[in-house]
Amino acid sequence: MVNRRIADILRHGQPDETVTLQGWVRTKRELKGFAFMEVNDGSSLANLQVVLTADDLPNYQELLPKINTGASVEVSGTIVPSQGKNQRIEIKPQQVQVYGEADPETYPLQKKRHSFEFLRTIGHLRSRTNTLGAVFRVRNACANAVHQFFQERDFMWVHTPLITASDCEGAGELFNVTNLDLTNVPRLDKDVDYSQDFFGKPAYLTVSGQLEAEVMAMAFRNVYTFGPTFRAENSNTSRHLAEFWMIEPEMAFCDINGNMDLAEDFLKYLFKTVLEKCPEDIEFFNKRIDDSVLATADNIINNEFERITYTEAIDLLLKAKRKFEFPVEWGIDLQSEHERYLAEELFKKPAIVYNYPKEIKAFYMRLNDDNKTVAAMDVLAPKIGEIIGGSQREERLDVLEKRIVEGGMPLEELWWYRDLRRYGTVPHAGFGLGFERLIQFMTGMSNIRDVIPFPRTPLSADF
Ligand code: 4AD
Ligand code: MG
């Protein structure tokens with residue numbers, strides 16, 4: 001007898017085949033002399049129905065009280081055509097074993113619909129619900145598609161450190177990494193004496209693997225990272241996490257246009273692949289969570305993204321027939337309301353905005369000939385706002401050093417980064433895609449806390 005996943009049985013199972021399956025009971029319905037039990041093992045949205053009868057199961061009477069929502073079971077039986085109209089097949093069991101019971105008085109996931117807020121308080125159980133189950137299957141399919149996309153194109157997956165001594169973006173928002181005794185911190189005058197700390201200097205959790213990805217791109221041409229990054233932003237929004245996953249491709253011999261092309265191809269590929277791999281889950285999101293999910297996917301796959309300069313974007317925002325909370329003028333950092341207006345209301349599709357004022361962007365972005373803007377690019381998505389941030393990098397040593405100094409960054413600490421420009425420098429570019437924002441975009445889930453299994457946000461690191 002083959003032990004099969006429920007998704008496989010539902011899709012390919014034929015009448016008279018014998019199967020063994022394992023999973024957790026989603027529902028039980030008792031009728032006179034028999035009962036329906038629905039089992040799920042996380043492999044599909046749909047449950048597999050098992051019809052329990054006293055005729056088939058000698059221990060029926062003693063089994064039934066143990067079968068409740070949440071209990072773990074193993075079922076061996078035969079596939080039969082289902083009489084019901086909700087499913088093609090069901091299981092006529094020869095044997096049912098309960099591994100672990102779940103007390104119906106206390107098991108928190110009863111059949112009614114729970115709010116996502118409530119489900120976050122039971123992060124250890126919420127993956128057993130339809131919605132979170134679908135989210136994490138989509139997340140898995142999408143993560144796999146990320147690797148597939150890059151591996152098909154000969155990009156090398158490089159592993160950049162999570163602990164770093166450099167503040168990549170120069171934007172603060174860093175978590176410190178230390179093993180000093182915080183109740184008795186060694187000091188030199190007023191300052192902390194980091195020479196006594198683990199690394200002999202201040203260290204942090206990385207906000208981005210970009211600088212190290214650039215190092216690797218200068219040896220392997222096309223590389224990408226895919227891993228967790230950390231930001232101590234105290235922003236309690238539906239789009240910010242303190243720990244999130246980022247994908248950062250970096251390409252040598254590439255400019256901002258090649259970078260925009262890659263970003264667009266990448267998003268199209270991910271949507272297409274996930275639609276193919278998880279059609280039922282995506283349809284579920286469209287029906288239950290956000291009825292524009294399928295239209296959004298179709299829109300991404302089949303339309304070219306809008307591409308406009310920052311200056312053009314500001315003009316469009318100034319002409320907009322609506323008021324913004326943050327006033328618009330050339331030089332401002334685009335706020336979420338501005339980004340959403342452009343993508344959601346004006347273009348009704350993703351928009352790539354490029355060439356931002358140098359004052360509002362990081363030191364490593366390539367200075368344009370106008371001396372006012374840098375070759376930065378953000379991909380703005382309807383409902384989400386910024387989903388990708390990237391740039392062509394400054395490959396000219398003198399210009400880079402000037403920008404580092406202007407930005408008040410320490411030149412010495414970036415000696416190795418500057419060396420890349422000293423030895424065999426080339427034009428290069430890359431971007432970062434926020435993985436959770438992408439999953440939000442794909443599923444229509446409105447809160448980023450519900451697209452990562454164990455969200456970390458201000459004042460919250462449970463489970
Ligand atoms: O725009 P960001 O800050 O770009 C970088 O980190 C560059 N080093 C990337 C590169 O060029 N290699 O962040 C990239 C993306 C954002 O567009 C957003 O999707 C996501 O990361 N992101 C967050 N996602 C969840 N929670 C947060 N706190 C996020 N901050 C950024
Ligand atoms: Mg950004």
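Annotation note: of 147, 124, 114, 159, the sole residue that is modelled with pLDDT under 95 and of a type outside the set (Gly, Ala, Ser) is 114. In the stretch 238-251 there is no residue that is in a helix (DSSP H, G or I), in contact (Cβ under 8 Å) with a residue 60 or more places away in the chain, open to solvent by less than 50 Å² (accessible area, probe 1.4 Å) and closer than 25 Å to residue 349 by Cα. Scanning the stretch 357-376 for residues being open to solvent by less than 10 Å² (accessible area, probe 1.4 Å) and either near ligand 2 (Cβ under 10 Å from one of its atoms) or small (Gly, Ala, Ser) (or both) gives a total of 2.
To keep it simple, each residue is scored yes or no on (1) surrounded by 14 or more Cβ atoms within 10 Å (Cβ to Cβ); (2) in contact (Cβ under 8 Å) with a residue 40 or more places away in the chain; (3) in contact with a Gly (Cβ under 9 Å, 6 or more places away or on another chain).
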residue: 4; (1), (2), (3): yes, no, yes
residue: 17; (1), (2), (3): yes, yes, no
residue: 23; (1), (2), (3): yes, yes, yes
residue: 38; (1), (2), (3): yes, no, no
residue: 50; (1), (2), (3): yes, yes, yes
residue: 53; (1), (2), (3): no, no, yes
residue: 57; (1), (2), (3): yes, no, no
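For the stretch 66-86, what are the residues that are assigned to a loop (DSSP other than H, G, I, E, B) and touching a strand residue (DSSP E or B) at 6+ places or on another chain (Cβ under 9 Å)? Within the stretch 66-86, 67, 68, 69, 70, 71, 82, 83, 84, 86 meet the criteria.
What about residue 346, is it within 30 Å of the chain's Cα centre (by Cα), of a type outside the set (Val, Ile, Thr) and open to solvent by 60 Å² or more (accessible area, probe 1.4 Å)? So residue 346 passes the test.
Do we find that residue 220 is open to solvent by less than 70 Å² (accessible area, probe 1.4 Å) and touching a residue at least 60 places away in the same chain (Cβ under 8 Å) in this structure? Considered against the rule, which asks whether it is open to solvent by less than 70 Å² (accessible area, probe 1.4 Å) and touching a residue at least 60 places away in the same chain (Cβ under 8 Å), residue 220 comes out as no.
I want to confirm something. Restricting to the stretch 399-444 and keeping residues that are open to solvent by 10 Å² or more (accessible area, probe 1.4 Å) and among the hydroxyl-bearing types (Ser, Thr, Tyr), which single residue is farthest from residue 136 (Cα to Cα)? Only one residue fits best here, namely 423.
Let's see how each residue does on (1) within 20 Å of residue 354 (Cβ to Cβ); (2) among the hydroxyl-bearing types (Ser, Thr, Tyr):
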{"site": "293", "(1), (2)": "no, no"}
{"site": "296", "(1), (2)": "no, yes"}
{"site": "299", "(1), (2)": "no, no"}
{"site": "305", "(1), (2)": "yes, no"}
{"site": "309", "(1), (2)": "yes, yes"}
{"site": "312", "(1), (2)": "yes, no"}
{"site": "323", "(1), (2)": "no, no"}
{"site": "329", "(1), (2)": "yes, no"}
{"site": "334", "(1), (2)": "yes, no"}
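Checking 179, 234 one by one, the residue that is surrounded by fewer than 18 Cβ atoms within 10 Å (Cβ to Cβ), assigned to a loop (DSSP other than H, G, I, E, B) and modelled with pLDDT under 95 is 234 and no other. Just give me the residues in the stretch 59-82 being among the aliphatic types (A, V, I, L, M) and either under 13 Å from residue 95 (Cβ atoms) or at pLDDT below 95 (or both), in sequence order. Within the stretch 59-82, 63, 73, 75 qualify.
Within the stretch 272-283, can you find the residues that are open to solvent by 20 Å² or more (accessible area, probe 1.4 Å) and either outside any helix (DSSP H, G or I) or in contact (Cβ under 8 Å) with a residue 40 or more places away in the chain (or both)? Before the answer, list the steps.
Of the stretch 272-283, the ones open to solvent by 20 Å² or more (accessible area, probe 1.4 Å) are 272, 275-277, 279-280, 283.
Scanning the stretch 272-283 gives 277, 280.
Considered as a group, the residues in the stretch 380-394 that are away from ligand 2 (no atom under 16 Å from the Cβ) and buried (at least 20 other Cβ atoms within 10 Å of the Cβ) include one that is modelled with the lowest pLDDT, and that residue is 382.
The values are calculated or read from the model by the stated rules, or taken from the named source; none is laboratory data. From a predicted model like this one, the values you see are computed outputs, not experimental measurements. Every residue, glycine as well, gets a Cβ built from its backbone with ideal geometry; the counts of neighbours run over all protein chains shown. Calculation scope for accessible area: heavy atoms of the full protein, side chains included, ligands and nucleic acids excluded. Shrake-Rupley method; radii C 1.70, N 1.55, O 1.52, S 1.80 Å.
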